[in-house]
Amino acid sequence: MAENILIIVLSTISLIAAVFAVVTKKTINAIISSGVVSLMASITFLLVAAPDVAMTEAAIGSGLTTVVFLYALKHVRGQRSSRDD
Amino acid sequence: MHKVKPGIILFVILFGLWLLLAGADRDELIVAAAASLVISVLFAGRASALGSVRLHPKAIAYAVIFFFVFLKELVHSTIDVAGRLLSPRLPINPGIVKVRTRLKSPLGRIILANTITLTPGTMTIETKGEYYYIHWIDIRTEDIDSSTEAIVAKFEKYLEVIFG
Amino acid sequence: MIKYILIFLVLIGMAWLFFPLVVEFFTPDITNNLAANYVFGSAADLNMPNAVTAVVVTYRGLDTLGEVTVLFLATAGVGFFLKRKKHMEGIRRPGSEILKTGSEILAPLIIIFGIYIFTHGHLTPGGGFPGGVVMASAFLLLLMANENFGFSHGIINLTETISGIGYVLIGITGLVLLGLNHFLDPRWLGLGQWGRLFSAGAVPLIYSFIGLKVGAEMSGLLDSLQSDGGEQ
Amino acid sequence: MIQIIGAVISLVGSMFIFLGALGVVRMPDVYNRMQAGTKATTLGSMLTLIGIGIVLPGWLGKLLLLVVFIIITNPISSHALARAAHHAGIKLTEKSVRDNLKEDYPKEDDNG
Amino acid sequence: MADITMLIMNAAFYILMAAVLLSFVRFIKGPTCADRMVALDAMTIAGISVIVFIAVFANRAIYLDVAMVYGLLSFLGVIAVARYLEKGL
Amino acid sequence: MIILITGLLLIIIGFWAMLTRKNLIRIIIGFAVMDTGINIVLVAIGYVKGKTAPIIDKAVTMAQGAEAGIQAVDKVVDPVPSALVLTAIVIGLAVTALMLAYAIRMYKTGNSLDIDDFEEQKW
């Protein structure tokens, strides 16, 4: 019972965050949203009894994905106006 | 010498961490010793901050007392912040104040700053030399000395003995 | 305008194509034959509790070798697109004192946790891939905290080479020792006792090499992404 | 009996986490949100994990380790975020009394 | 006895889910990306407790390793965004 | 079932982002979301109702060795999709980094991230 409600909550949050990642204006907000999707996906993997996959997703999604995107954004930001994002 | 002591402390920490994770089997002991030896040799120069721990009995006793003082402050101020949060008017009075610390060793300074950060209601924003800039959710005083008295002093007197 | 209608149609078509597959898929009540074989084999043949590791390292070991190769190629591609450039100091804002000291104390903890994960891949969840990523995270922490982080690329390259050669050597050894029928069979090290660290043949060894290789490759990837890429 | 006590402790801890989330929604600016969001939740997760450790004593070692990890890493990240927010020029709320850091280093904007 | 324990734990679990949802509200509303990062941090800490509760309900101690990875690594994302904001990445 | 639908919707949202966005980095974020959705679908297909993770410890059976294998077979889920996705996640990160490196290179040469500015690469 509790698991079913948790699945609904996780699905709602990850879908809203994914849509937010698409429609938002600033790129950095989209990056953070993909982090939320990754967190929810990790808990989902745990619910379908795949702890190995959940652990890999946790290790990747908690730091590395965000950082890889931010490095790319840093290189791009150089010539633009500095304060906006 | 200044590389040996942090290396040994690092080795003990890593070894204990592995044993807590995996239990004290014979195989585990072998792998744990090998892995923590390699890492502590590689990182001994980098983790020189660990060298400032004093290892005599008084310091250890003060560390235990410090832990309980920290727990008491944590619970006390969490309840305080929760009370502010639940009241409909949101009675907060925030701002950034400046305090002074006497600690010199890097590890002592980081533990002091982290303790201040972990206690709800206060948060270290910037450290410059002997001054800490602290975001305080309910400013009672604007003077450096009295805010030092209110925020820092209760932790500092223990950390001073432990780290010097 | 016509473009948006086309995109909408493509999305609707995709949803219509895949929706029946999802809705009519009923979750089975009983494990299928292949999975049952793998689970039984991992316990009976290899003396290993974690069936996922059994599939990754032994039953599908050749695929894993290919995937490690893909990883290596991707890393090499990143290094090819972003040429490293020296003397770019002074642009980054220095990290705070707390972050620097904290990272120096936390990085060894993260590395030993990564080692714990990939040496216990046959007993608990985890294994070479998450363990290597956790180790790369420690490298990332140091890279973020210190603005002039001088890490010798020699160590990374050495680790990568040694673990790559080790993984291939284990494959060749399996080939030579046991003949073609037992290619990549990890049982030449002895199966050991159930649930101990030194058990399940050569699986912990292979997974350690995979972990070190993944960690070194991810660190190299982060390093080339961090440094300023290309000529302006 | 001891199990019920542990369960009640974890219930109290989850209530603290809920209060932290409420603070994240209610507080007026970034710094105050950080006060509620990352530190009331720290105490809350400590209590929750220790309560579960009391219910299931075999898991206590790993749960204590988890608590230690959270205690070490959490203040570092919240300090770094607060410093970056102040540097990036995010304003304090209107209710704020004073800002000593701004007074002492008003020209922090020139890339450090 | 065990029933009452499970009942209280279920209540705690529901409260945690409510906390995750509340933080997500701030994530959507947040005017700056620092606000969003604070919300993500709160969600991660609540998520660690959720993972531990899943481990309790499934009665598997090995699920705790996943929570431990989050406990040790979740601050990396926050630090990355912070260093990006202050141009230190 | 709900999980499968969520994964499918994530795939479609990621595909939508890849088709409509102009900015190269946003396209790659769409790719990352799509990757996560595919992983969720793959793992959810391997789930067996009421079974637990394919790691045999004391919570599954007290037996050891081959005996444990016989007893655990009807208590655990399918390990094959987990093993597939385990490597796919790490490979996905490496591929994402490769795409980002290529995007940075394109920005350095063309001084733009807008996909419509790279006309000469259409065929």
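Only the coordinates and a few stated rules stand behind these numbers; no lab work does. Just so we're clear, the structure is a prediction, and the values are computed from it rather than from any experiment. Here the Cβ is made from the backbone with ideal geometry for all residues, glycine too, and neighbour counts use every protein chain on show.
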(message) I'd like to know which of F:MET1, C:VAL78, C:GLY164 lies farthest towards the positive end of the charge dipole of the protein assembly as shown, counting +1 on Cβ of Lys and Arg and -1 on Cβ of Asp and Glu.
(response) C:VAL78
(request) Please compute the net charge surrounding D:VAL24, taking Lys and Arg as +1 and Asp and Glu as -1 over other residues with Cβ under 13 Å from its Cβ. (result) +3
(request) Express in whole angstrom the spacing between the alpha-carbon centres of region D:16-75 and region B:1-67. (result) 26
(message) Among DSSP bridges having both ends in region B:65-164, what percentage is antiparallel? Round to the nearest 5.
(response) 90
(message) With only alpha-carbon pairs counted, each pair once and no self-pairs, how large is the Kirkwood hydrodynamic radius of region E:2-85 in angstroms?
(response) 14.1
(request) Would you work out the relative contact order for chain E, in percent, from Cα pairs under 8 angstrom that are 6 or more residues apart? (result) 23
(message) Using only Cα atoms and rounding to the nearest 10 degrees, what angle (0 to 90) does helix F:2-20 make with the longest principal axis of chain F?
(response) 10
(message) Please list, ordered by chain and number, the residues whose modelled amide H lies under 5 Å from the amide H of F:VAL76; skip anything fewer than 5 residues away on the same chain.
(response) F:THR52
(message) Can you compute the FRET efficiency between C:ASN33 and A:ILE5 using 1/(1 + (r/R0)^6), with r the Cβ-Cβ distance and R0 = 35 Å? Round to the nearest 0.05.
(response) 0.55
(request) Using every Cα-Cα pair within chain A, state what percent have a distance larger than 15 Å. (result) 63
(message) Normalised by the empirical 2.2 N^0.38 Å for globular proteins, what value does the Cα Rg of region C:1-137 take?
(response) 1.64
(request) Work out the length of the dipole vector of chain E about its Cα centre, built from +1 on the beta-carbon of each Lys and Arg and -1 on the beta-carbon of each Asp and Glu, and round it to the nearest 20 debye. (result) 280
(message) Suppose we take every Cα in chain B and form the convex hull; what volume per residue is that in Å³?
(response) 141
(message) Residue by residue through region C:218-223, what is 3J(HN,Hα) from phi via Karplus (6.51 cos²θ - 1.76 cosθ + 1.60, θ = phi - 60°)? Round to whole Hz and write x for glycine and proline.
(response) 5, 5, x, 4, 5, 5
(message) Once the cut-off is 20 Å, how many percent of the Cα-Cα pairs in region D:2-104 end up in the long-distance tail?
(response) 49
(request) Can you tell me the relative contact order of chain A? Whole percent, Cα pairs under 8 Å, sequence separation 6 or more. (result) 26
(message) Rounding to the nearest 10 and keeping the result within 0 to 90°, find how far the Cα-based axis of helix B:106-118 lies from the longest principal axis of chain B.
(response) 50
(request) Calculate the spin-label point distance for C:TRP16 paired with F:ILE91, positioning each point 7 Å from the Cα along the beta-carbon direction, and give it in nanometres. (result) 3.2
(request) Starting with the fewest neighbours, write out B:THR127, B:THR78, A:THR56 ranked by other beta-carbon atoms found within 10 Å of each beta-carbon. (result) B:THR127, B:THR78, A:THR56
(request) Please give, to one decimal in nm, the separation of the simple spin-label points placed at E:TYR14 and B:ARG54, each 7 Å out from Cα toward the Cβ. (result) 5.4
(request) Give me the angle, in degrees from 0 to 90, between the Cα long axis of helix F:79-110 and the longest principal axis of the Cα atoms of chain F, rounded to the nearest 10. (result) 10
(message) If I take R0 = 35 Å and measure r between the Cβ atoms of B:LEU71 and C:SER227 in this structure, what FRET efficiency does the formula 1/(1 + (r/R0)^6) give, to the nearest 0.05?
(response) 0.20
(request) List F:ILE45, C:ILE2 from most exposed to least, where exposure is judged by having the fewest other Cβ atoms within 10 Å. (result) C:ILE2, F:ILE45
(message) Using only the alpha-carbon atoms of chain F as identical scatterers, what base-10 log of I(q)/I(0) does the Debye formula give at q = 0.15, 0.22 Å⁻¹?
(response) -0.79, -1.18
(request) Just the number, please: Stokes-Einstein D of region B:4-52 in µm²/s, Kirkwood Rh from C-alpha pairs, 25 °C, 0.890 mPa s. (result) 227
(request) Would you mind listing how long the protein assembly as shown runs along its three principal axes, going by Cα atoms, in whole Å with the largest first? (result) 80, 69, 56
(message) Counting other beta carbons within 10 Å of each residue's own, what order do F:TYR107, B:TYR131, C:TYR167 fall into, fewest first?
(response) B:TYR131, F:TYR107, C:TYR167
(request) Find the relative contact order for chain B and round it to a whole percent, using C-alpha pairs within less than 8 Å whose residues are 6+ positions apart. (result) 26
(request) Net charge near C:ALA216: determine it from the other residues with C-beta under 13 Å of the C-beta of C:ALA216, scoring Lys and Arg +1 and Asp and Glu -1. (result) -2
(request) Sticking with the crude label model, points 7 Å out along Cα→Cβ, report the distance from E:ALA2 to B:ARG89 in nm, one decimal please. (result) 5.2
